[in-house]
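Below you'll find the structure, written out as structure tokens, and then a few comments.
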Amino acid sequence: IDSVKWSPDSTMLAYTINGNWVHVMNADGSNKRSITHTWFARNYRWSPGSLRIIFVYTMDKWSLNINKNEIYTSSVTGYGVGIRLTNNDVCEYEAQYSPDGTKIFYVRNDDVKITLPPNYDDMPNPGE
């Protein structure tokens, strides 16, 4: 385990193993599960309500082409495909929710962006 982060409500922990796959578990160590669909998910952060995690996914893990980084968010309820928030030819990284959860901030290699989170009711994750 090389990165551990408490959920904002202190009921869960998120962690990665060798910098890959984001996992979550309850604060008592129970209910361990992977919430990402890829082994190269990183730079993850909790949503303010502790229900989702936003992360950077490197689309081309073999070449590690930085222009293949995209931003995803996944439910912490279990393994899901995640919701892809970006889809372009520039590198995105360092994504995070605003403190009230109404906006998502991320850095691109050509700009800094602030956007609205998706309507999760219209794009459910499996297991939500």
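The table for this structure:
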read-out	value
K103, K113, ranked by accessible area, largest first (probe 1.4 Å)	K103, K113
Solvent-accessible surface ranking, highest first, for I1, I17 at 1.4 angstrom	I1, I17
Contour excess over end-to-end distance, with Cα ends at F105 and S30 and 0.36 nm allotted per residue	23.9 nm
Estimated FRET transfer efficiency when R0 is 35 angstrom, pair D9-N87 (beta carbons, to 0.05)	0.70
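The values are calculated or read from the model by the stated rules, or taken from the named source; none is laboratory data. These numbers were taken from a predicted model, which means no experiment stands behind them. Cβ sites come from the backbone with ideal geometry, for glycine too, and all protein chains shown count toward neighbours. Side chains included, ligands, DNA and RNA excluded: accessible areas come from the protein's heavy atoms. Shrake-Rupley method; radii C 1.70, N 1.55, O 1.52, S 1.80 Å.
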